[in-house]
Amino acid sequence: MGGLFIGVLFTLSSVLRAQQLPSFPGAEGFGRFAQGARGYTTPEVYAVTTLEDAGPGSFRDAVSQPGRFVVFRVAGVIHLKSNITIAPYTTIAGHTAPGDGVVLYGRKVSFSGSNETIARFLRIRLGANAGAGKNEDASGIANGKNIILDHMSFSWGLDEVFSISWDKKGLEPDSITLQNCIIAQGLHRYNHSAGGLMQTGGKVSILKSLYISNKTRNPKVKGINEFVNNVVYNFGNANKTQEEHKLSADAYILGGGSAMISNALILNNYFIGGPATPKNKQSPFSRGNENFNLYQTGNYYDNNQNGILDGVLIEENEQWYPGLALKNFKTKADYADYPSVSPALQAQEVVSYLINQVGATRPKRDQVDELLIQELKSLGESGSYVYDEADLPLSNGGLGTLSAGQPLVDTDEDGIPDRWEEELGLDKNDPSDALKRSKHAEYKGYLNIEVYLHRLAEE
């Protein structure tokens with residue numbers, strides 16, 4: 001019955017959006033049709049030209065108004081002095097930065113109310129040493145619809161790292177995708193190292209992403225959710241240093257004590273224990289309830305911490321999914337309208353894919369993400385449980401160093417460098433052509449600046 005209801009629920013919306021343009025080539029999941037600045041009535045290009053917290057040319061100013069394609073002419077750490085909320089109809093292109101790219105550090109960057117927003121290749125790191133509050137997340141969505149976050153790196157939350165949880169204001173979060181993202185190192189300064197909550201009546205996809213070195217909530221799921229082709233690594237606090245903190249380890253939480261009806265896909269994921277994971281942890285799933293329905297297949301668990309990917313297949317039963325009953329296990333047909341019901345990658349392929357592709361890989365990975373990937377590559381033998389960011393073996397208070405680089409020449413300052421204007425058949429002296437529709441047949445419907453951003457991401 002639950003599957004039939006879901007099918008009816010999605011059929012109309014699927015038909016209505018079938019002809020819509022994907023946010024970019026490779027966009028997947030429930031948020032794959034977010035329009036970004038293209039969908040705004042009067043889009044414009046805004047170049048971030050300073051690492052200052054505020055003022056003309058700052059990231060804060062760039063995302064303060066809707067309808068902007070945000071490109072970067074600088075690289076480095078932006079030390080935020082207060083929280084930022086991204087305006088609706090925004091396209092953030094972190095991969096346009098020179099050098100080693102950009103890090104937003106010290107305060108929460110929220111996508112609440114950021115309807116129709118696309119954000120790619122950006123690092124958001126909260127941290128404990130720059131004045132953020134005890135109950136602050138690194139990032140998240142409390143309300144809003146049609147949002148896709150791709151190749152983002154989130155870390156060092158003090159409460160959660162990244163959560164989607166309705167605040168009863170605005171639109172209940174719906175049609176949202178996180179793909180190719182890192183959700184990492186929830187800090188345990190306040191004994192709350194948590195990946196995040198995914199609890200909304202709307203639709204959320206978590207795809208090809210890495211939850212790493214968070215004690216719990218990797219993630220905690222309620223509602224309509226796809227969890228497909230992900231890796232959860234080094235969950236728990238078995239290597240804790242605070243004796244007063246209880247031993248804990250939760251990867252995927254199956255609703256917890258929620259009365260909300262949940263319908264979830266859990267497909268082709270790999271759960272890998274690390275030094276923080278108790279060796280007697282029998283299952284990566286916990287705290288199921290009678291309201292949590294799912295279709296699961298192709299998931300693996302490896303907790304022998306031996307440096308070899310040799311996990312076992314997770315079976316469809318109450319031992320692996322504690323708290324669930326036979327009635328909670330559904331079939332593929334029940335979730336046929338979920339966009340990720342037929343994933344391209346097997347669980348064994350996901351690990352190598354993420355090692356090469358996950359996080360803000362353009363213009364290049366920073367030292368924090370490189371450290372995380374090295375831990376993942378150890379396949380259980382290394383992993384952090386972080387009190388605060390300064391404990392990491394990196395300079396600059398744990399942020400590491402970032403090369404400033406040199407931005408490409410952009411004669412008409414339209415956001416498309418001259419080299420790319422030539423490659424795309426545009427005029428480097430015409431600042432208006434960036435926001436014109438592309439004449440390339442394969443990019444029909446996109447603006448020229450989007451074609452540049454698509455091609456740059458694939459380079």
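A short reminder: the numbers here are calculations on the coordinates, not readings from a lab. Fair warning: this is a prediction, and the values are worked out from it, not measured in the lab. With ideal geometry, Cβ positions are generated from the backbone for all residues, glycine too; neighbour counts draw on all protein chains shown.
Before moving on, here are some points about what is shown:
- Straight-distance crosslink candidates among aspartates and glutamates, where the alpha carbon sits under 20 Å from K436 and sequence neighbours closer than 8 are dropped: E44, E116, D410, D412, E413, D414, D418, E421, E422, E423, D427, E450
- Axis angle, to the nearest 10 degrees, between helix 2-17 and the longest C-alpha principal axis of the chain: 10 degrees.
- For segment 418-458: relative contact order, % (alpha-carbon pairs under 8 angstrom, 6 or more apart): 28
- The distance between label points at A325 and N239 comes to 4.1 nm (points 7 Å beyond Cα on the Cα→Cβ vector).
- Remark: spin-label model distance D167-A441 equals 4.8 nm, labels positioned 7 Å along the Cα→Cβ axis.
- The angle separating the long axis of helix 448-458 from the principal Cα axis of greatest extent in the chain is about 50 degrees.
- Gyration tensor verdict on segment 418-458 (Cα atoms; rounded if a/c is under 1.5, prolate if a/b is larger than b/c, oblate otherwise): oblate
- Relative contact order (percent, whole number), the chain, Cα cutoff 8 Å, 6+ residue spacing: 13
- When each of the peptides 77-88, 291-302 is scored by how many other beta carbons lie within 10 Å of its residues on average, the order from highest to lowest is 291-302, 77-88.
- Exposure proxy shown here: for R123, R287, R419, the number of other Cβ atoms within 10 Å sets the order, fewest to most, as R419, R287, R123.
- The separation of segment 320-381 from segment 212-241, counted between C-alpha centres, amounts to 11 Å.
- For W320, no residue 5 or more places off, or on another chain, has a built amide H under 5 Å of its own.
- Sorting the segments 26-33, 437-444, 253-260 by their residues' average number of neighbouring beta-carbon atoms within 10 angstrom, most packed first, yields 26-33, 253-260, 437-444.
- Here is the list for segment 188-262: GluC sites (Glu not before Pro) lying in DSSP coil, each with at most 12 other C-beta atoms within 10 angstrom of its C-beta, are E243, E244.
- Tensor-based shape of segment 2-398 (alpha-carbon gyration tensor, a/c under 1.5 rounded, otherwise prolate or oblate): oblate
- Efficiency of FRET between Q374 and E423 - r from beta-carbon atoms, R0 41 angstrom, step 0.05: 0.75
- Cα shape, segment 132-180, gyration tensor, a/c 1.5 rule: oblate
- Cα long-axis angle, helix 367-377 against the chain (0 to 90 degrees, to the nearest 10): 40
- With both residues required to sit in the chain, DSSP beta bridges show an antiparallel share near 5%.
- A cut-off of 5 Å between modelled amide H atoms, ignoring neighbours fewer than 5 places along the same chain, links S438 with G445, Y446, L447, N448.
- Residue separation of S382 and D430 scaled by 0.36 nm, minus their Cα-Cα distance, works out to 12.1 nm of gained length.
- Segment 131-290: relative contact order in percent, alpha carbon pairs under 8 Å with at least 6 residues between: 17
- Taking amide H positions as modeled 1.01 Å from N, with prolines and chain starts lacking one, the residues under 5 Å from E381 and 5 or more places away or on another chain are G307.
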